[in-house]
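Asker: My structure is below; once you've seen it, I'll send some questions.
Throughout, read-outs are computed from the coordinates displayed, never taken from laboratory work. Worth saying up front: this structure is predicted, and the values here are computed from it rather than measured. Cβ coordinates were reconstructed from backbone atoms using ideal geometry, including for glycine residues, and neighbour counts include every protein chain displayed.
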Amino acid sequence: MYKTHTNGELRASHIAQTVTLAGWVHRVRDHGGVKFIDLRDRFGLVQVVVNPDNQAAAQIAEDLRAEWVIQVFGEVRSRPAGNENPNLPTGEIEVVAREIRVLNQAKPLPFQINKDEEVDENLRLKYRYLDLRRERMRRNLELRSRVEMFIR
């Protein structure tokens, strides 16, 4: 099974459910052996937790880089008190990874996708398939689609 939920739809009502997610690795953070992966798809971002006692998943998480495409099997739980992120729709929950599969690796990127920094226009046009993954461009495409559908 490819995925059971999109990354942006998980909420507190999904706590204790087993889910399968897929998407791009947005960011990986290491906090004393516990890895936190921000997993992104076109619908949103969710935090995935990889505990060091799950050696298979921890080994894969060690090698992950930005924009790799992965699939995560795990259980939804609420974030510990005080660690909620009110800036994210999925900020109340996190997914504890039971298994991680790398679906595709990415070469080093010519510019950062997860940062809103100015990038040379020629570079953006040369790598437009990467530029379309940026949040600003995704919102622009969605707005354009909604406007065209309204007009039709």
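Asker: What is the distance in Å between the Cα centroid of segment 1-42 and that of segment 63-138?
Answerer: Rounded to whole Å, the Cα centres lie 10 Å apart.
Asker: Report Rg (one decimal) and Dmax (nearest whole number) for segment 28-152, counting Cα atoms only, units Å.
Answerer: Values for segment 28-152 (Cα only, Rg and Dmax): 16.9, 54 Å.
Asker: Follow-up. Beyond 18 Å, what share of the Cα-Cα pairs of segment 1-86 remains, rounded to the nearest whole percent? Don't skip to the answer; put the middle values down first.
Answerer: Working: 1485 of 3655 pairs.
Value for segment 1-86 (Cα pairs over 18 Å): 41 percent.
Asker: Using a Förster distance of 25 Å, how high is the FRET efficiency between Asp116 and Gln55, based on the Cβ-Cβ distance and rounded to 0.05?
Answerer: That pair, Asp116 with Gln55, gives E of 0.10.
Asker: How far is helix 135-151 tilted, in degrees, relative to the longest principal axis of the Cα atoms in the chain, given as a value from 0 to 90 rounded to the nearest 10?
Answerer: 60
Asker: Go ahead and estimate [θ] at 222 nm for the chain from helices alone: -39,500 (n - 2.57) per DSSP H run with n ≥ 4, summed, over the residue count, rounded to 500.
Answerer: Details: 4 runs with 36 residues, N = 152.
Estimated from H runs of four or more residues: -6500 deg cm²/dmol.
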